[in-house]
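The values are calculated or read from the model by the stated rules, or taken from the named source; none is laboratory data. In this text the structure is predicted, and so the values were computed from the model without any measurement. Here Cβ is always computed from backbone atoms with ideal geometry, including for glycine, and neighbour counts include all displayed protein chains.
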């Protein structure tokens, strides 16, 4: 493998990994903020417990997003210096603004929230969390503005072979970004929904299995109490409410991703027709959506692919909103792309060994075809499971089945899979371009960049391989640690996040007590921080 | 003279200085976890002094990096790609350090805590050293060709300024952390930190002074020399104030030292942002490395609104958590029964 291939693997691995933590941060942050708001307004102790418990898991996950996020900003310059030089004038700004206007807000106000349970007034403390959550939304917006410019460059003119920003409004209101942002946010909420549902299901199941909750003759739950800190009737309320919130969030967010995804499909049909065709492994022009295509879809050779089951009209609907528009297949698009962007890679040293070679305009269809289906499949599955879960728990608790419980817990992974598949699809579907051409701009000044030209010329394959191995190993170890800690705190239940339940039961309607602190030493209460470390 | 690129050169110098000022002490506190703190309670005192703020401090690094990308893409691309392996080390250090803060207290065993304490201490040192090395090199030069790419192998970036810059930032961070701990803690930790501060100040500031003087020799001007002189005086003031027990003034004076040292270095390098050691014709300057005036103008407007806001709410955070932390405040570690493992205790109604 050469430097380019290794750098691409590295970007893919580190980005997909980073985007495991990010959607959970965004989605769970919003959910926890809503929970704390309900507690603030009603004083219902169940909601304080929910805030603390889900907030703890949120933080365990949040830190991983922070740690892996720094890699993202650095590796543009480290591994993709030619890309950074080419796009810097327009791409750097959203990145800088993300740090200045979003990361600062997120990190500072989250610090206030973590340590300020005692120090701040209740309302201000709650506001800090909301500000951090809104910060995470802004962060998503800015980074998607940057990404969308790579999918659909706007607001620039070419000067000396580089795109120079001339219309910031166009860049920051790129229609590609305006539909991708809600799509991503709904995707993040779907992750949080599944997370709540699976974990709450587990706890309700344990309560039944341990004989705390029983089921009456009419099938309705009878919530009980155990003489263990935190396993009282309020605990039951925590889990059943969490489960229902999770299920509803999962269903709403699936509907949201479907609606926004539909808009994205229609834009993609105009902006990146090859990606659309590759999503379908559609070789010939047509209207049908492939339910199952077989053959060697990864070969990029259309003659190998046979669509076994096809629903006529659906592809046209996805692309254009009617049932008759012919959607161009890969074969006719190749000719169009060759005419517009050249048949060969320019004979320029920045392309290394690839200089002068023929351009492969078709993305790896195995990835685009199955990535597209995995995204929709996992997303739909999670929403369906949420609906079934609501039905199964209509009488107040979960069935005794261990297998159903396991299904609910492993179901947590489905929305993660949908998120990852969606990003892999959209990023690999853009190849061979790192900046995809905007078909509305014509002539010699077209703004596009081949991925092959983007990698750092001065960096050796060995260096990038080193970082690929080092980062992958560290990420793998940290994933084990994170999951281990999440499992530990999940099994611990609410008491793991609320020491006051264990050490000194207090009236939860009174002021909040420190997160990790035991009972305060006399004379020091209200003077100290809420110690989190 | 180009106005907007000059403004952005100053802005980036300010961001780096802000980063060194703020994360300086939390990197230093991280290093002190292993060489200063005597037991777990003291370690938790140290951690809780920076707990609410370290993540916000680290964003200064991301903002400095992002602003360099946006304002001087050629500087960003050349510096980051030329220093590939050192920056990888910085990333690894920052990853471990961040995760360690959050995870250290989550399992109640000595082995677990000790592992993460090492991650914090080593991560903090390597991050400080690596950032310092990068800054040392961007102010003194890298072997860059006409395209701005590194000429030579993975270690062709090496010069003694990398070591000097690395030691400078690590040393400053340690000293700054001692001043910070003297200001933010009470009891034994406070007094020991002050003693260490007075004793170690000359040694810990020497590398930064050496780096600053080196840059003056390479490209200094009269005014940068004066500023450097002010910095040295500030260091002496810090020492005297700490001896007298004025912890707040010592902390401020050491901050003045940093601002002065940093201004003298960046000022001396200006208008070059990254010299080439191969041929001065390949130097990256504010003119040939910057973004368009349109982009810089846009960023200026946003920064004028955004940066004061950031400074305001971060300052508020320090105000909220202004009280000193001491060992007496640290509660016992919280161990909990896995709720689901205690079946024997179940009572039925």
- Residues B:135, B:79, B:46, B:89: which one is more than 8 Å from chain A (Cβ to nearest Cβ) and under 19 Å from residue A:458 (Cβ atoms)? B:89
- Answer from A:179, A:191 - the residue that is assigned to a helix (DSSP H, G or I) and either at pLDDT below 95 or over 30 Å from residue A:497 (Cα atoms) (or both): A:179
- Checking residue A:470 against (1) surrounded by fewer than 20 Cβ atoms within 10 Å (Cβ to Cβ); (2) assigned to a helix (DSSP H, G or I); (3) at pLDDT below 95, the condition it does not meet: (3)
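Quick grid of which residues meet (1) in a helix (DSSP H, G or I); (2) closer than 22 Å to residue B:124 by Cα:
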residue: B:147; (1), (2): no, no
residue: B:158; (1), (2): no, yes
residue: B:180; (1), (2): yes, yes
residue: B:194; (1), (2): yes, yes
residue: B:216; (1), (2): yes, no
- Looking at the stretch B:12-35, is at least one residue under 18 Å from the mean Cα position of the chain (by Cα), part of a helix (DSSP H, G or I), at the interface with chain A (Cβ under 9 Å from one of its Cβ atoms) and closer than 18 Å to residue A:103 by Cβ? no
- Task: For residue B:67, work out the one condition from (1) at the interface with chain A (Cβ under 8 Å from one of its Cβ atoms); (2) surrounded by 21 or more Cβ atoms within 10 Å (Cβ to Cβ); (3) more than 17 Å from residue B:27 (Cα to Cα); (4) over 17 Å from the mean Cα position of the chain (by Cα) it doesn't fulfil.
- Result: (4)
- Those residues that are touching a helix residue (DSSP H, G or I) at 6+ places or on another chain (Cβ under 7 Å) and over 26 Å from residue A:482 (Cβ atoms), I need them from the stretch B:79-109; list them, please. B:79, B:80, B:81, B:83, B:84, B:85, B:86
- Any idea which residue in the stretch A:198-237 is surrounded by the fewest Cβ atoms within 10 Å (Cβ to Cβ), counting only those that are more than 9 Å from every other protein chain (Cβ to nearest Cβ), over 26 Å from the mean Cα position of the chain (by Cα) and closer than 15 Å to residue A:50 by Cα? A:233
- List every residue pair whose Cβ atoms lie under 8 Å apart, where the two residues are 6 or more positions apart in sequence or sit on different chains, the first residue falls within the stretch A:466-487 and is facing chain B (nearest Cβ under 10 Å), and the second residue, located anywhere, is not in a helix (DSSP H, G or I). A:485/B:107
- Exactly one condition in (1) surrounded by 24 or more Cβ atoms within 10 Å (Cβ to Cβ); (2) over 23 Å from residue A:248 (Cβ atoms); (3) in contact with a helix residue (DSSP H, G or I) (Cβ under 6 Å, 6 or more places away or on another chain) is not met by residue A:80; state its number. (3)
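With B:231, B:263 as the choices, which residue is in contact (Cβ under 8 Å) with a residue 60 or more places away in the chain and either crowded, with 20+ Cβ neighbours inside 10 Å or touching a helix residue (DSSP H, G or I) at 6+ places or on another chain (Cβ under 6 Å) (or both)? Before the answer, list the steps.
Details: B:231 fails: in contact (Cβ under 8 Å) with a residue 60 or more places away in the chain.
The unique qualifying residue is B:263.
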- Message: If I go through the stretch A:327-367 residue by residue, how many of them are buried (at least 16 other Cβ atoms within 10 Å of the Cβ) and assigned to a loop (DSSP other than H, G, I, E, B)?
- Response: 8
- Among (1) crowded, with 18+ Cβ neighbours inside 10 Å; (2) away from chain B (no Cβ under 14 Å); (3) not in a helix (DSSP H, G or I) - the single one residue A:399 does not satisfy: (1)
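With the condition kept exactly as written, say whether any residue in the stretch B:320-335 is part of a helix (DSSP H, G or I), within 10 Å of chain A (Cβ to nearest Cβ) and modelled with pLDDT of 85 or more. Explain how you work it out, then say what you get.
As a first pass, look at the stretch B:320-335 and keep what is part of a helix (DSSP H, G or I): B:320, B:327-329.
Adding the requirement that they be within 10 Å of chain A (Cβ to nearest Cβ) leaves B:320, B:328-329.
Next, only the ones that are modelled with pLDDT of 85 or more stay: B:320.
Yes; the residues of the stretch B:320-335 include at least one that is part of a helix (DSSP H, G or I), within 10 Å of chain A (Cβ to nearest Cβ) and modelled with pLDDT of 85 or more.
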- out of contact with any strand residue (DSSP E or B) (no Cβ under 7 Å at 6 or more places or on another chain) and over 30 Å from residue A:210 (Cβ atoms) - does that describe any residue in the stretch A:398-407? no
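Yes or no: residue A:99 part of a helix (DSSP H, G or I), within 11 Å of chain B (Cβ to nearest Cβ) and either over 23 Å from the mean Cα position of the chain (by Cα) or surrounded by 22 or more Cβ atoms within 10 Å (Cβ to Cβ) (or both)? Spell out the reasoning first.
On the way: part of a helix (DSSP H, G or I): yes; within 11 Å of chain B (Cβ to nearest Cβ): yes; either over 23 Å from the mean Cα position of the chain (by Cα) or surrounded by 22 or more Cβ atoms within 10 Å (Cβ to Cβ) (or both): yes.
Here the answer is yes, as residue A:99 does meet what is asked.
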- Message: Can you find, within the stretch A:26-65, the residue that is farthest from the other protein chains (Cβ to nearest Cβ) among those that are surrounded by fewer than 24 Cβ atoms within 10 Å (Cβ to Cβ) and within 30 Å of residue A:456 (Cα to Cα)?
- Response: A:65
- Item | Residues of the stretch A:70-96 satisfying the condition of being in contact (Cβ under 8 Å) with a residue 40 or more places away in the chain, within 23 Å of the chain's Cα centre (by Cα) and facing chain B (nearest Cβ under 7 Å) | A:71, A:93, A:95
- Task: Please give the number of the condition residue A:166 fails out of (1) within 30 Å of residue A:411 (Cβ to Cβ); (2) touching a strand residue (DSSP E or B) at 6+ places or on another chain (Cβ under 6 Å).
- Result: (1)
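Taking the options A:38, A:31, name whichever one is farther than 25 Å from residue B:57 by Cα, modelled with pLDDT of 95 or more and under 17 Å from the mean Cα position of the chain (by Cα).
Details: A:38 fails: under 17 Å from the mean Cα position of the chain (by Cα).
One residue alone meets the criteria, A:31.
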- Item | Among (1) assigned to a helix (DSSP H, G or I); (2) surrounded by fewer than 20 Cβ atoms within 10 Å (Cβ to Cβ) - the single one residue B:278 does not satisfy | (1)
